[in-house]
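Peer 1: Sending over a structure as structure tokens; questions will come in a sec.
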Amino acid sequence: MKNHGGIAFVLTCAACATIHGIATAADTQIALKDLPAPVLAMVATNSTGAEIAKVVKQGDRGNVSYLIEFDRDGHKFWDTFSPDGKLTMTQERIPFSQVSTAASAAIHRRAGDVQIKDVTRTMKAGTESYTATIPKDGKTFAVTVDQNGAILGDKEVPAAQ
């Protein structure tokens, strides 16, 4: 695994793992009513016109966040909140055509002739990154690049069980 982005890559991959259904032992699906009041208030603000598909409590022992999966007319997006209601990360699946030019070129270099299967745009702390899912040689890889095309991470994604 290449790792040029340090903590940012680890956080992005952890979030993408959640998006793609790879939960950790500390992740628990909860009811909307079980969210802390500040998070519930922010979810109400961010969910305008969207269905709330899933609510997940991530982490434990003082390092907790809440991931909310929304669906607005078939467009899925995810917001992650701290317990005090602060929006810490937003992710959404996007068409490859919406990836920045530099990031698109970097992903194409990694994918070669392979069609890009899936792209997730992540906004965290004012920084935009893209994670592309690439099927290649019987395996699936997730490559994460920043908006300028720098590779933040490249790893094999375990096959779905």
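The values are calculated or read from the model by the stated rules, or taken from the named source; none is laboratory data. All values derive from a computational prediction rather than experimental measurement. Note: ideal-geometry Cβ built from the backbone for every residue, glycine included; neighbour counts use all protein chains shown.
Peer 1: For region 120-141: of the residues being aliphatic (A, V, I, L, M) and either closer than 18 Å to Asp79 by Cβ or exposed (fewer than 13 other Cβ atoms within 10 Å of the Cβ) (or both), which is farthest from the chain's Cα centre (by Cα)?
Peer 2: Ala125
Peer 1: Sticking with this structure for a sec: Filter region 86-106 down to the residues that are part of a loop (DSSP other than H, G, I, E, B) and under 14 Å from Asp146 (Cα atoms), then identify the one that is farthest from the chain's Cα centre (by Cα).
Peer 2: This residue is Ser100.
Peer 1: Failed condition for Ala25, given (1) part of a helix (DSSP H, G or I); (2) exposed (fewer than 13 other Cβ atoms within 10 Å of the Cβ); (3) at pLDDT below 90, with all others met?
Peer 2: (1)
Peer 1: Thr131 - would you say it is modelled with pLDDT of 95 or more, hydroxyl-bearing (Ser, Thr, Tyr) and either assigned to a helix (DSSP H, G or I) or under 22 Å from Thr45 (Cβ atoms) (or both)?
Peer 2: no
Peer 1: Inside region 120-144, can you point out the residues that are more than 25 Å from Lys86 (Cα to Cα) and of a type outside the set (Lys, Arg)?
Peer 2: Selection gives Ala132, Thr133, Ile134, Pro135, Asp137, Gly138, Thr140, Phe141, Ala142, Val143.
Peer 1: Something else about it: Does region 40-61 contain at least one residue that is modelled with pLDDT under 90, in a loop (DSSP other than H, G, I, E, B) and within 13 Å of the chain's Cα centre (by Cα)?
Peer 2: So far as region 40-61 goes, no, none of its residues is modelled with pLDDT under 90, in a loop (DSSP other than H, G, I, E, B) and within 13 Å of the chain's Cα centre (by Cα).
Peer 1: Moving on to the next point. Looking at region 107-131, I want the residues that are in contact (Cβ under 8 Å) with a residue 12 or more places away in the chain and under 13 Å from Ala150 (Cα atoms) and have a partner that is in a strand (DSSP E or B) and basic (Lys, Arg) with Cβ atoms under 9 Å, at least 6 apart or on another chain. Which pairs are those?
Peer 2: Partner pairs satisfying both residue conditions: Arg110/Lys136; Glu128/Arg121; Ser129/Arg121; Tyr130/Arg121; Thr131/Arg121.
Peer 1: Continuing with this model, one more query. Identify, from the list Ala142, Ala125, the residue that is within 21 Å of Thr90 (Cβ to Cβ) and in contact with a strand residue (DSSP E or B) (Cβ under 6 Å, 6 or more places away or on another chain).
Peer 2: When all the criteria are applied, what remains is Ala142.
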